[in-house]
Every structure is written in C-alpha cells, then in structure tokens.
Amino acid sequence: SGPDKMAFCLAPAGKRAAVLRDNVPSDEGAPEATPRGMRLVRGGGLVPGASLDLPGLPRDEARTRTRHFLENAAYHGRRTVLIITGRGKGSGAEPVLRGELERYLSQEGRAWVSEWGRAPRQYGGEGALVVFLKG
C-alpha cells in the first residue's frame, strides 16, 4: 500500500485551480538512509561508531541483541552503527536475518532509528546494515 493522499482544489470562479497534495507516509517502515548519509559512509567521511555481529544466531536472539545494541548505542551517543547480518549462505533462498532485522528496524526499532540502509561494500554490502540513530 502506498501513501495516503488528500487533494484540495482552491480557485475562485473562472480562475485556474491550485492543487495541494498532502502525502502521509505509511507506517509500514522507517525510511532507508538518505543518499547523503550513505554517500558519506561509502566515501569514508562517516564511520560507524560500533558494530554488532549476528550471523548464525536464531531470529529471536538476533532481535533481542539488536534491541540491546541499539539502546546501548543511543545511550552512549552513537550516531551511526553497523549491524552485520551475514549474507545468508546457509539460509536457503534468501538471507533470513537481514530480512528479519530490516522489518525490526522499520517497526520496533523506530524508537532509536532515524534511517537505515544496506551497507556499502567496504562494510559488508548485502551482509550488513548501516543504521543512523536518532539524536
């Protein structure tokens, strides 16, 4: 489902109507990282202040550790962190942890997370997530 839209037409009789649209984002997930933030990470201008290594863990334990990690990172004033999920080579069709943690960051993780995105190659690429914390 896409964003909800409301449109208003304002025009005096015989004049051209101005249309104002209000796009309300859905609650389905937090936005992925802004291009500027990811460019800074990719270029080395912004380095994640901490990392969490999760490959091989069960989903429930990975979520619990991620919650504690985010709480701790936010408490210590970290702005950018790295969560290593692994590439899911032993998962079959797709990386299980990455998908699970992307859902987590988009929902419960929103308490600490302002944005997130898949990491650039030098930080693990498809096997890691760069997370920008609320300040």
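Basic side chains Lys and Arg get +1 at the Cβ, acidic Asp and Glu get -1 at the Cβ, and with that the dipole of region 46-135 about its Cα centre reaches some 160 debye. Remark on residue 80: its backbone amide H falls under 5 Å from those of 49, 133, a criterion applied only to residues 5 or more positions apart or on other chains, H modelled at 1.01 Å from N.
Taking 114, 51, 106 and ordering them by how much accessible surface each has at a 1.4 Å probe, largest first, produces 51, 114, 106.
Considering only Cα atoms, the convex hull volume of region 38-79 works out to 78 Å³ per residue.
The values are calculated or read from the model by the stated rules, or taken from the named source; none is laboratory data. Remember, predicted model here, so these are calculated numbers, not experimental data. Backbone-built Cβ (ideal geometry, glycine too); neighbour counts: all protein chains shown. For accessibility, only protein heavy atoms count, side chains too; no ligands or nucleic acids. Shrake-Rupley method; radii C 1.70, N 1.55, O 1.52, S 1.80 Å.
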